[in-house]
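One structure is given here, and the rest of the page talks about it.
What follows draws every value from the coordinates through simple rules; no lab data is involved. Nothing here was measured: the structure is a model prediction, and the numbers come from that model. Note that we place each Cβ from the backbone using ideal geometry, even for glycine, and neighbour counts take in every protein chain shown.
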Amino acid sequence: MLVRMARQGKRVVRLKGGDPYIFGRGAEERQALLEAGCAVEVVPGISALTGATATAGLSLTRRGLSSTFAVMTGRPMTGGTLPKDQWRALAGLDTVVVFMGVGATLELQTELVAAGRAPDTPVLLINDGTLPTQSTHRTVLGQLDATVREQSIGYPTIIVIGEVAGAWKPGDEDLASPDASGFVRRDADLQLSSSEPSDEVPESRKPSGLYPMTLTNLAGRRALVAGGGRVGARKVRRLLDVGARVVVCSPTATSELQDWSRSGEVDWIRGQYRPDHLQGCCLVFAATNDHRINVKIAQDAAELGLFCNVATDTTSGDFRVPAVLETDGLLVSVSSVEGDPRRARRLRDRIRENLVAPGA
């Protein structure tokens, strides 16, 4: 494709996540273009090897802990597994970094332990490195495969094995924080620097407690929907419309959600909600059929500074999601103050009928 489009006289930009020259095809693609007579310019960037670990606050060669490290792929290019002598060599190094390894975690832990690495060797998994959705997960080598499966850790993830991973602690990250998502922090998290006492807000101007939110662009940002029923599916549909990376946690799901999961549009975690599902998220929707669970989700989200919408009781969350109508350059949002959100949707539909009526 690169050669074909270049020969059409187009300027072609090949963007690659991770590192095109470490277990990527950067060299092969460059050679193919040159052999086809196409001019090529390589613009070097920061490798995921150092980018992801640096934003996690992790040094691969931390003084006193690691003077050697190796980088390997979880997908050996020759197929199969590595020779035993290579596993022994890797096990003897201070630090091992694995690209594309979440699909081979059982082999990694089995072979490294068999080659002499201790099962309690610290491991750090860095998902979505350098992105606002970056999240980190700690475990030990003997529990690596179980951790990946239980926490549904997917690609792209870099795995760091060694004592440097044990030196990492929560809070070391530069990017993996709620503020990095681009959302305004909750009022309770804001620190005012003024030494002047603020005037008390008149009772008539105090907020009613919740505020309707209209989502416009969540491109690449991670959002959690807890609940796989019709309400959850409706939340997911709107999140997909604005480009969010949606994670659904629920033991069951509607056929629509299952279709989205099969197509890769949605990451479906087949199980009950757990607090670690909130990691890396910028927005949360509690839409299970158990109000107590929804309230617990909202409380967990509040502790992380995340906005949460509670479907079963709007007063338990931070915001409402209004019924929205967008037509002819107008954006109309309708939200019910209390109770049945279907009233807001009916009013939205009546507004739509009047807007499209003759002479409107």
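Multiply the residue gap between D120 and E265 by 0.36 nm, knock off their C-alpha separation, and tell me the result in nm, one decimal place. List each step's numbers first, then the result.
Details: separation 145, 0.36 × 145 = 52.20 nm, distance 3.60 nm.
Residue separation times 0.36 nm, minus the Cα-Cα distance, leaves 48.6 nm.
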Could you tell me the calculated FRET efficiency between Q143 and M5, based on Cβ-Cβ distance and R0 = 56 angstrom, to the nearest 0.05?
0.75
Taking a cut-off of 27 Å between Cα atoms, list the lysines near K169, but don't count ones fewer than 8 places away on the same chain.
K296
Put a dot 7 Å past each Cα toward the Cβ at N289 and R274; how far apart are the dots in nm?
2.4 nm
Taking 0.36 nm per residue of separation and subtracting the Cα-Cα distance, what length does fully extending I351 through E163 add?
61.5 nm
